[in-house]
Amino acid sequence: MFGNQLRELSAWMAAADIDELQLSGPSLRLELARDGGETIPDRTRDQQLGEPPRHAEPLLVVAASTVGIFLDRHPLHESALAPAGTPVRAGQIIGLLQAGTLLVPVLAPRDGRIGATLVARGTPVGFGTGLIELQTIER
Amino acid sequence: MTTGQPRISPLGTSALLFEAPGETELTTQRRIWALAREAESWPEICEAVPGMNNLMLSFARPPKCPETIETRLQAAWAAAMPLQVDGRLIELPVVYGGESGPHMADVVAHTGLDADEIAAIHSAPTYVVYALGSHPGYCYLGGMDPRIATPRRKTPVVSIPAGAVSIGGAQTGVSASAGPSGWNTIGSTTMGFFDPARDPPALLRPGDELRFRIAEVIR
Amino acid sequence: MIEILATGALTTVQDHGRRGALKWGVGTSGALDDLALAAGNILLGNDEHAACIEIQIFPFRARFTAACAFAVTGADCQALLDDVPLPPWWVQTARAGQVLSLRIPRQGPWHASRSYLCLAGGVDVPLVLGSRSTQLRGAFGGLEGRELRNGDTLRTGAASSVARRTNFGLRPPALDLPLMVDDLPAVRVLPAAEYAHYSDAAHEALWNEAWRITPQSNRYGYRLQGPQLCPVAPIETRSHGIVPGVIQVPPNGQPIVQMRDAQPSGGYPKIGVVIEADLWRLGQAPIGSRVRFIKTSWSEAIAADEKNAEWLADARLLADLYGERSGSR
């Protein structure tokens, strides 16, 4: 299973022209480079990740579902998809991840209000990188 | 018209245009038909499309080196013998002038002949279908009397109807469907030249012959 | 299956065109922006020959009468699925009853005028002489050989057998393959047979003028406005085969670029030919906009074809990798 995912990831990187990729998980850091890769169990990460900050309303961080370059707007548009303060519906496109010529949507997982954007437009991000804060609405 | 040697020129990288030298004539056209038949068998060529003493070769894929094809084409032309075709003879009744021939007056003005003379000269020959082009089923005809040649119009007309009989320069033809044209319409006929469900879809082919019969001349 | 609720004139079914029928006077027709059509089919995992709907006049509205994946490429026509905006060059799935609205294209970094509605499985109309493109002059092909009208319904062919993900898109190729001269969109041109018969002033004008696309421009030909192009001496030409891209110069000296519905032969002198690889750029240039011509060579034109093919191959690779990933949506 993991081997298949690695192969997929490699194909992605090649097609999207990404030379280096780092993935972080609770007990694992994975570095992939185009000419090879290694996995490094990294227990110090347990302390670094910590708990998400507490707010009056539940704050979600919408994370990247795939590798790519984060965009807050479509390349043909001047205005952002979801500026801070915008109310959004579940499933709404609030950002984009560009991989080569492909554009993958960043979707609001729930109804809510857009908070801060954590990543600058044009930043390459990895799977799981926090992108956009979403203040969800308690129902 | 080219003098001396045939001229080969690119039409972008989609096609090559081969133009035979000299005056437009039937023997040259028969050689063009022969050349078309030969070139269409080449793997680089999608289609060989005869024109008036010329041939367009559309590429299946543009070659990296067009010079190779050009050389082969020149050699094939040198070897091309006039192709004899078993053509059919079709006769079309034509109403000349009046509303059927809105540009008859321009041909009169250019040639100095009157409508009756123009109709008589136009309907005298047996025309050979040199090529199809322009629009589905349209035939380019050879054999028109140069006395009624009239230059193409300065600005093309937005639409002339199916069946329009027109003169453009030294050529004549019949429209198979309504559409724009830079030619001078002198008359009108009725005929079905094209049916996409038929095989082949065009009624006429290069080598067939056409006669116009005066149904009426409206002054 | 879709039902046309509201369409302007000049909406037609097109694929990549009809080849092999020039000998009967049948021009190729086909989408004016062939890259947009190809991209739409790529997003859907369609066969590359699948036909689409080309829209030139906006707004346009259609209802999906059955669930259907679709893609809208070409001009950024601010597509709405019911009331949800879709990004440009995007594939999405419609439920039965949903309405797609395409609005007047907005002009951002890329100015474009035609949109392409592609459907999973392609528009299902009969093949005529090997193609589903509409042959307007001959009144065949596409839907009954005519423009689409309000009330028309169109069926789709069988969609790709592999379940495809939707809700993703492609960067428009205009951004990845830019071509501008002095801030104007440009197209590359190969000189044609009669090029040498034109004056130096005509050559100078051809390569340096910002040619304006007049309102008399359409799928048959783009009539351009600029300096008169004068030959050194009157040019006699006989009727000969032409291809889309041929730049004809009638006696009034104003060039006409033959486009996809152009007749397959003509007798006007030709000064140059817009290369096949750049026809999509011209096909998207709006009425009233201006374009520049760039003198090019055979090898550069071939290289341009290859760049387009590479762009499409990359797009297809990524779209298939992403679109065919099993499991999550």
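The values are calculated or read from the model by the stated rules, or taken from the named source; none is laboratory data. Bear in mind the structure is a predicted one, so any value in this text is a computation, not a measurement. Glycine gets a Cβ as well: all are built from the backbone with ideal geometry, and neighbour counts include every protein chain shown.
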Exercise for review: Give the residue that is nearest to the chain's Cα centre (by Cα), with candidates limited to residues of the range A:99-111 that are surrounded by fewer than 21 Cβ atoms within 10 Å (Cβ to Cβ) and either more than 7 Å from chain C (Cβ to nearest Cβ) or acidic (Asp, Glu) (or both).
Suggested key: A:Leu107
Point to revise | Filtered residues of the range B:115-167 (kept if within 14 Å of chain C (Cβ to nearest Cβ) and within 10 Å of the chain's Cα centre (by Cα)) | key: B:Val129, B:Tyr130, B:Ala131, B:Leu132, B:Gly133, B:Ser134, B:Tyr138, B:Cys139, B:Tyr140, B:Leu141, B:Gly142
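Determine, yes or no, whether B:Arg211 is surrounded by fewer than 17 Cβ atoms within 10 Å (Cβ to Cβ) and either in contact (Cβ under 8 Å) with a residue 60 or more places away in the chain or aromatic (Phe, Trp, Tyr) (or both). Spell out how you get there, then give the answer.
On the way: surrounded by fewer than 17 Cβ atoms within 10 Å (Cβ to Cβ): yes; either in contact (Cβ under 8 Å) with a residue 60 or more places away in the chain or aromatic (Phe, Trp, Tyr) (or both): yes.
Taking the combined requirement at face value, the residue satisfies it.
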Check your understanding: Only one of these conditions is not met by B:Ala78: (1) under 29 Å from C:Ala277 (Cα atoms); (2) of a type in the set (A, V, I, L, M); (3) without any contact (Cβ under 8 Å) to a residue 12 or more places away in the chain. Which number is it?
Key -> (1)
Point to revise | Scope the range C:266-293; condition modelled with pLDDT of 95 or more and part of a strand (DSSP E or B); matching residues | key: C:Lys270, C:Ile271, C:Gly272, C:Val273, C:Val274, C:Arg290, C:Val291, C:Arg292, C:Phe293
Revision key, fill the gap. Over the range C:96-123, the set of residues of a type outside the set (Gly, Ala, Ser), closer than 22 Å to C:Leu32 by Cβ and surrounded by fewer than 20 Cβ atoms within 10 Å (Cβ to Cβ) is C:Arg103, C:Ile104, C:Arg106, C:Gln107, C:Pro109, C:Trp110, C:His111
Review point. Restricting attention to the range B:19-39, and to residues there that are surrounded by 17 or more Cβ atoms within 10 Å (Cβ to Cβ) and part of a loop (DSSP other than H, G, I, E, B), which single residue is farthest from the other protein chains (Cβ to nearest Cβ)?
Key: B:Ala20
Review point. When you scan the range B:43-67, how many residues do you find that are over 15 Å from B:Ile32 (Cβ atoms), outside any strand (DSSP E or B) and either in contact with a Ser or Thr (Cβ under 6 Å, 6 or more places away or on another chain) or more than 12 Å from every other protein chain (Cβ to nearest Cβ) (or both)?
Key: 3
Practice item. Return the residue satisfying two criteria in turn: it lies in the range C:206-263 and is at pLDDT 95 or above and acidic (Asp, Glu), and of such residues it is farthest from B:Gln29 (Cα to Cα). Key: C:Glu209
Exercise for review: Answer yes if at least one residue in the range B:147-167 is modelled with pLDDT of 95 or more and in contact with an Asp or Glu (Cβ under 8 Å, 6 or more places away or on another chain), and no otherwise.
Suggested key: yes
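Scan the range B:8-18 for residues that are at the interface with chain C (Cβ under 7 Å from one of its Cβ atoms), touching a residue at least 24 places away in the same chain (Cβ under 8 Å) and not in a loop (DSSP other than H, G, I, E, B) and jot them down.
Filtering the range B:8-18 down to residues at the interface with chain C (Cβ under 7 Å from one of its Cβ atoms) leaves B:9-15, B:17.
Next, only the ones that are touching a residue at least 24 places away in the same chain (Cβ under 8 Å) stay: B:10-11, B:13-15, B:17.
If the condition is that a residue be at the interface with chain C (Cβ under 7 Å from one of its Cβ atoms), touching a residue at least 24 places away in the same chain (Cβ under 8 Å) and not in a loop (DSSP other than H, G, I, E, B), then B:Pro10, B:Leu11, B:Ala15, B:Leu17 are the ones that fit.
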Check your understanding: Do we find a residue being among the hydrophobic types (A, V, I, L, M, F, W, C), in contact with a helix residue (DSSP H, G or I) (Cβ under 7 Å, 6 or more places away or on another chain), within 20 Å of C:Arg238 (Cα to Cα) and modelled with pLDDT of 95 or more anywhere in the range B:107-118?
Key -> yes
